[in-house]
There are 2 protein chains.
Amino acid sequence: MSNGYWGKIMRVNLTDGTIGTETPPEQFYRAYYGGRGLIAYYLLKEVPPGTDPLGPDNRFIVAPGVVTGVPYAGAGRNSYGALSPLTDAYGEGEGGGFFGAELKRAGVDAVVFEGASAKPVYLYVHDGEAELRDASHLWGKTTGEVEELVQEELGDKRVRVAQCGIAGENMSRLAAVCNDLTHYAGRAGLGAVMGAKKLKAIVARGTTAVPVADADKVRELARWMVEHWNESSQGLHDHGTASGLVGLSTSGGLPTRNFQQGHFEGAEKISGQTMTEKILIDRDTCFACPIRCKRVVKTGPPHNVDPKYGGPEYETLGSLGSLCGVDDLEAVAKANELCNAYGLDTIGVGVTIAFAMECFENGLITKEDTGGVELRFGNAAAMLEMVEKIARREGFGDLLAEGSYRAAQKIGKGAEQYSVSVKKQEVPMHEPRLKHGLGVGYSLSPTGADHCHNIHDTGYTKSVGSAAGWGVLEPMPADYLGAEKVRLLMYNTIMKSANNCMVICQFVPWRLEHLAGLVEGITGWNHTHFELMKVGERAINLTRVFNLRQGFGAAEDTLTERFFEPFKDGPLAGARVDRDAWQKAKVTYYRMMGWTDDGVPTPEKLHELGIGWAIDYLPADARREAGA
Amino acid sequence: MSNGYWGKIMRVNLTDGTIGTETPPEQFYRAYYGGRGLIAYYLLKEVPPGTDPLGPDNRFIVAPGVVTGVPYAGAGRNSYGALSPLTDAYGEGEGGGFFGAELKRAGVDAVVFEGASAKPVYLYVHDGEAELRDASHLWGKTTGEVEELVQEELGDKRVRVAQCGIAGENMSRLAAVCNDLTHYAGRAGLGAVMGAKKLKAIVARGTTAVPVADADKVRELARWMVEHWNESSQGLHDHGTASGLVGLSTSGGLPTRNFQQGHFEGAEKISGQTMTEKILIDRDTCFACPIRCKRVVKTGPPHNVDPKYGGPEYETLGSLGSLCGVDDLEAVAKANELCNAYGLDTIGVGVTIAFAMECFENGLITKEDTGGVELRFGNAAAMLEMVEKIARREGFGDLLAEGSYRAAQKIGKGAEQYSVSVKKQEVPMHEPRLKHGLGVGYSLSPTGADHCHNIHDTGYTKSVGSAAGWGVLEPMPADYLGAEKVRLLMYNTIMKSANNCMVICQFVPWRLEHLAGLVEGITGWNHTHFELMKVGERAINLTRVFNLRQGFGAAEDTLTERFFEPFKDGPLAGARVDRDAWQKAKVTYYRMMGWTDDGVPTPEKLHELGIGWAIDYLPADARREAGA
């Protein structure tokens, strides 16, 4: 209840090395929760238009959420944010693991970095204290080496490390933020922001349990989860996030050969089940989670995959597997290890390589461009070589390190048609021609194409994690895009946004009606799911205002052309996103959200969310459009 | 969980005497809950424009709610609805007591009456069975006589009776529906609809407990209430709803002499405390409620007030006391008894008499009009005589039985300025010049001026029953009408609407975050406060569509001129509702609600609420305006 704890925001100026703490009133933390809400707040307030994402005026924000570090399954995540060097819009990425919980146990709710250091540094936070330390000896090292060196140097095996990797140092726009070696906030190129600031790592160690107002209440909810998770998540435990990969291929929704197909003849070979059978040596987890969906894999020659980097997620098996036409599980596991060691977003890298493969197969680029690499679908060795080159910005990899959108611009000759991206960010492994609402969701996500914006689409029943707690009871066809679907999409995006503020895992099968109770149990606030949804809606609106100011409006809420074209073959042959229905759904979403037909939040909507102050941050034309 | 119970709607055709039952799918009951939601649904579907409120095509609906009859404090209420003969708009009134619970125990969730009987009848519902019985012998009898006769005739002292009273028989537009003798759904003239249909009463007897899905959960919430009610509601128990009457006068918000003043020199004499001291003989209650806020009073000569009719509420002490300038507590108690015996709305009657007094004092009417009555402020005998005359439609009472708005039209000479009403319904005892948001609320209420639409306004802290569970944490001045206040007003009207759907008492100090749990415990639905708020919002929108079709749009969302004029003296001397601020707040409310600037719900808003079907019920011009 007391503000002794909630909302302790550490401020670090990397230019002059000063460190301070600000403690906004409790209302602040209650309105924004952490994660997305907090990131959007600081970015809107402190990163004006014209800021260079890779310059000192950008902010880099580390933001666990209101649940992080509390012993409840799914509460082991944390978020990172900045003006994205990949999209030039609102940038946010989230990862699991233990780092966020450790930061909270060290007494810090978020860290906002500004400025840039002249030489490599890392921030060491330990039980409320913080210092910037020299990181010159860590520069150029893999994530595994860095973690080991830092633990040795600090004489503490239990410090938790978040870091940017070599890709970040090289300011690749596909650079991820890594924490705990096996957890990656992949999207938005945030590792490059760390690299640009010469911030090699943030290291946390805390020994104080995160305060909980009503321990019994939290324990009861945690116990419910322990008793019920396996009813719906046994598959996640057994075979990881890729447990449904073959099923997706069968139904035509497994992105294959740069989204040209939706089924992959090699699906069985790269499935979660095959991974379990062939290369899995252990299961790993995040703070306080019994599900253990994380994989630990190991292989012998030729790839000798190092188990310390965990194992590939579904997104990785898709993007570096089927999307590149690669059915060699060990090669994909190797690519995953490389991305992790270098700090790369496996989705961005996989989709960008698949893009290059399609360019190559269509003659837009040749072996002359690729440094001799036969960059064709199905060529696992070529895929692996490209991952290395992207990480090091070597040869053709220097171009691909910019992401598929910018690479296409440089290649020209119509290469743009092969960049499967929205707002310059590569589309993840969920096919809008299978789940049509997802296509609208990709268009509307503030971070560009993003599977954490909304993912569910196929219809709902009264099962756990469903939409029943919002009063949406009727299942709807996956290819339906009418107003009823947009309603569900809207609720879903608001909920996901709230999840991103809390910051809680979306794989853990909590029930909607538990979440407000969880926040109430932790904070002592008398809380409702209505308030929780408003936190999510508030955060979406802040990101929208930020993006409008960055020049991203309705015209930028696009969807890759490819998804408007029908599949030529496979289970979904002929299926495409209907352009008119998609356009209509987008405007319906705007209106349902209380936005203008151009996607501008009205002053009344911002006031309704308690963020009337944000009206002044709208660009002049948007302000006029919204009647402010 | 099963549809064996939820949503059993009895249909009674009074013209041909047929009785049937319809059981819409469970989704129906979940979307509408009962009460307001259910009434609005049936009225919109079945009462088209042009329907005579007092003709056979109007519906009369008895609707308990999803919580009614479950042993939880505040769950003893039920609602009545029809096209209002007073406002010609959506009409709804709610009362406490035991009747609603008994109806639910008889296995019925609502009764929809249509048609009209040729001779007086009453409906007897007992354990799922129902019959229409002759009521000729009850016609012309007081409510007390009717209840006694019915209990005798049926040989069961435990039957519960809802009835229209003599005022209803006479089709007074101020006629209430009475149940259990001491509980009145006063507003909207619904007793007249019963009278017009020759439906004298509905009698219920049930022996089956209302099914509860999770008895432990409901019991736990009920126990919380039993343990906590007195923290905030001890005053309600001790001195009834009038416990704050003197405080209101001191702060200038006690409606006095037809709203000419806000303080009353006789306040102490008619206060709840004085009532306790002088005439209280017992406290009464509603089903399952420990608060016992209901009064039972008794006096000797000259008035000989009969305790069987309970005692006056705050609204009655205001409207028949200070508003008429009457400081004679026993006379007010007598007026209350008379209204109850005849079935009259004490608010409507009191405000209409005060209106007539002001007309009289200003010479618009004379003793010639009033049949010799010196109808001046402070004349208790005149006030009592007028109550009698209104009930019996005798002499000048025949005019006043039409309500102040219609009476003013007939009187002419500028009498309209003295009718303190909105949408033709008399303003209750809450002063907009004290609580300015309330003025906007009066304008927006679908039923016309109504203290059950929104009442709180003065600002919020984190106390029980507050707005904290919506994330509104900052108190605001009572005279502030900016967007932040409109936000609170909107949440508040949505919540009150949800309460009116549930149907739950607004005096019981439940916590916002308990309500969804209560509904979940009762029904077994996995429920959230978000869904609950959407039920409330859905119902508001249905009433809005209904009213638009009846010709009530933004231009009809008025506020009595009097409130725009400053108090001449008293604690709030000079205070007035700022017309521009009020107008702006109204439009801000429309926009926040997802309505057009003319107050028309957009198709997107209706779809968002899962009631896209209602678009077709908008009148053509409103449909155009909303872009449907």
Item to complete: Taking B:His228 as meeting all but one of (1) at pLDDT below 95; (2) touching a strand residue (DSSP E or B) at 6+ places or on another chain (Cβ under 8 Å), write down the number of the exception.
Response: (2)
Worksheet item: For A:Glu313, all conditions in the list (1) open to solvent by less than 40 Å² (accessible area, probe 1.4 Å); (2) within 20 Å of A:Gly100 (Cβ to Cβ) hold save one; what is the number of the exception?
Response: (1)
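Can you pull out the residues in region A:551-593 that are of a type in the set (D, E, K, R) and not in a loop (DSSP other than H, G, I, E, B)? Before the answer, list the steps.
First, pick out the residues of region A:551-593 that are of a type in the set (D, E, K, R): A:556-557, A:561-562, A:565, A:568-569, A:576, A:578-580, A:584, A:586, A:591.
Answer for region A:551-593, where residues must be of a type in the set (D, E, K, R) and not in a loop (DSSP other than H, G, I, E, B): A:Glu556, A:Glu561, A:Arg562, A:Arg579, A:Asp580, A:Lys584, A:Lys586, A:Arg591.
Those residues that are in a loop (DSSP other than H, G, I, E, B) and either acidic (Asp, Glu) or more than 9 Å from chain B (Cβ to nearest Cβ) (or both), I need them from region A:594-604; list them, please. Write out each step before concluding.
Residues of region A:594-604 in a loop (DSSP other than H, G, I, E, B): A:594, A:596-600, A:602.
Hits for region A:594-604 are A:Thr596, A:Asp597, A:Asp598, A:Gly599, A:Val600.
Among what's in region B:482-493 and is aliphatic (A, V, I, L, M) and either open to solvent by 20 Å² or more (accessible area, probe 1.4 Å) or facing another protein chain (nearest Cβ under 9 Å) (or both), pick the residue that is nearest to A:Glu604 (Cα to Cα).
Result: B:Ala483.
Let's see how each residue does on (1) open to solvent by less than 50 Å² (accessible area, probe 1.4 Å); (2) within 26 Å of A:Asp52 (Cβ to Cβ):
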position: A:Thr142; (1), (2): yes, no
position: A:Glu145; (1), (2): no, no
position: A:Glu148; (1), (2): no, no
position: A:Gly155; (1), (2): no, no
position: A:Val159; (1), (2): yes, no
position: A:Ala162; (1), (2): yes, yes
position: A:Gly165; (1), (2): yes, yes
position: A:Asn170; (1), (2): no, yes
position: A:Leu174; (1), (2): yes, yes
Worksheet item: So B:Ala478 clears everything in (1) within 11 Å of chain A (Cβ to nearest Cβ); (2) over 29 Å from B:Leu103 (Cβ atoms) except one condition, right? Which one?
Response: (1)
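When you check B:His529 against the structure, is it closer than 20 Å to B:Val577 by Cβ and either at pLDDT below 95 or within 13 Å of chain A (Cβ to nearest Cβ) (or both), yes or no?
Working: closer than 20 Å to B:Val577 by Cβ: no; either at pLDDT below 95 or within 13 Å of chain A (Cβ to nearest Cβ) (or both): yes.
Answer is no for this residue.
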Discussion item. On the basis of being buried (at least 24 other Cβ atoms within 10 Å of the Cβ), assigned to a helix (DSSP H, G or I) and either within 12 Å of chain B (Cβ to nearest Cβ) or touching a residue at least 40 places away in the same chain (Cβ under 8 Å) (or both), does A:Glu513 make the cut?
Written reply: no
Item to complete: Taking the residues in region B:555-580 that are surrounded by fewer than 18 Cβ atoms within 10 Å (Cβ to Cβ) and small (Gly, Ala, Ser) as candidates, determine which candidate is nearest to the other protein chains (Cβ to nearest Cβ).
Response: B:Ala555
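Has region B:153-162 got at least one residue that is assigned by TED's automatic domain parsing to the domain that holds B:Val193, touching a Lys or Arg at 6+ places or on another chain (Cβ under 9 Å), more than 15 Å from B:Met194 (Cβ to Cβ) and in a helix (DSSP H, G or I)? Break it down stepwise before answering.
Applying the first criterion (assigned by TED's automatic domain parsing to the domain that holds B:Val193) to region B:153-162 yields B:153-162.
Now drop any that are not touching a Lys or Arg at 6+ places or on another chain (Cβ under 9 Å), which leaves B:153-154, B:156, B:158-160.
Keeping just the survivors that are more than 15 Å from B:Met194 (Cβ to Cβ) gives B:153-154, B:156, B:158-160.
Checking which are in a helix (DSSP H, G or I) leaves us with B:153-154.
The answer is yes; a qualifying residue exists.
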Worksheet item: Which of the following residues is at negative phi, basic (Lys, Arg) and in contact with an Asp or Glu (Cβ under 6 Å, 6 or more places away or on another chain): A:Lys269, A:Lys278?
Response: A:Lys269
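Listed here are the residues, each with its yes/no results for (1) open to solvent by 10 Å² or more (accessible area, probe 1.4 Å); (2) within 23 Å of A:Met10 (Cβ to Cβ).
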{"site": "A:Leu190", "(1), (2)": "no, yes"}
{"site": "A:Met194", "(1), (2)": "no, yes"}
{"site": "A:Lys198", "(1), (2)": "yes, yes"}
{"site": "A:Arg219", "(1), (2)": "yes, no"}
{"site": "A:Trp224", "(1), (2)": "yes, no"}
{"site": "A:Glu227", "(1), (2)": "yes, no"}
{"site": "A:Ser243", "(1), (2)": "yes, no"}
{"site": "A:Glu265", "(1), (2)": "yes, no"}
{"site": "A:Lys269", "(1), (2)": "yes, no"}
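Every residue in region B:400-428 that is of a type in the set (A, V, I, L, M), in contact with a Leu (Cβ under 7 Å, 6 or more places away or on another chain) and open to solvent by less than 20 Å² (accessible area, probe 1.4 Å), please.
Let us first name the residues in region B:400-428 that are of a type in the set (A, V, I, L, M), namely B:400-401, B:407-408, B:411, B:415, B:420, B:422, B:427.
Still in the list and also in contact with a Leu (Cβ under 7 Å, 6 or more places away or on another chain): B:401, B:407, B:411, B:415, B:422.
Correct list: B:Ala401, B:Ala407, B:Ala415, B:Val422.
Please work out which residue is least open to solvent (accessible area, probe 1.4 Å), limiting yourself to region A:15-38 and to residues that are farther than 25 Å from A:Thr528 by Cα and part of a strand (DSSP E or B).
So in region A:15-38, the residues farther than 25 Å from A:Thr528 by Cα come out as A:15-22.
With the extra rule that they be part of a strand (DSSP E or B), the set shrinks to A:19-22.
Values: A:Ile19: 63, A:Gly20: 30, A:Thr21: 81, A:Glu22: 66 Å².
Among those residues, the one meeting the criterion is A:Gly20.
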Response to the item:
Reported set for region A:521-549 where residues are crowded, with 24+ Cβ neighbours inside 10 Å and either assigned by TED's automatic domain parsing to the domain that holds A:Ala415 or not in a helix (DSSP H, G or I) (or both) is A:Trp525, A:His527, A:Thr528
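Of all residues in region A:184-220, which are at negative phi and assigned to a loop (DSSP other than H, G, I, E, B)?
Applying the first criterion (at negative phi) to region A:184-220 yields A:184-187, A:190-197, A:199-220.
Answer for region A:184-220, where residues must be at negative phi and assigned to a loop (DSSP other than H, G, I, E, B): A:Gly186, A:Lys197, A:Gly206, A:Thr207, A:Thr208, A:Ala209, A:Val210, A:Pro211, A:Val212, A:Ala213, A:Asp214.
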Worksheet item: Which numbered condition trips up B:Cys505, out of (1) more than 9 Å from chain A (Cβ to nearest Cβ); (2) assigned to a helix (DSSP H, G or I); (3) under 26 Å from the mean Cα position of the chain (by Cα); (4) not hydroxyl-bearing (Ser, Thr, Tyr)?
Response: (2)
Practice prompt. Could you tell me which of the residues A:Gly553, A:Gly574 is more than 30 Å from A:Val246 (Cα to Cα) and not assigned by TED's automatic domain parsing to the domain that holds A:Gly81?
Written response: A:Gly553
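The values are calculated or read from the model by the stated rules, or taken from the named source; none is laboratory data. All of these numbers come straight from a predicted model, not from anything done at the bench. Note that each Cβ is placed from the backbone with ideal geometry, even for glycine, and that neighbours are counted across all protein chains shown. Side chains included, ligands, DNA and RNA excluded: accessible areas come from the protein's heavy atoms. Shrake-Rupley method; radii C 1.70, N 1.55, O 1.52, S 1.80 Å.
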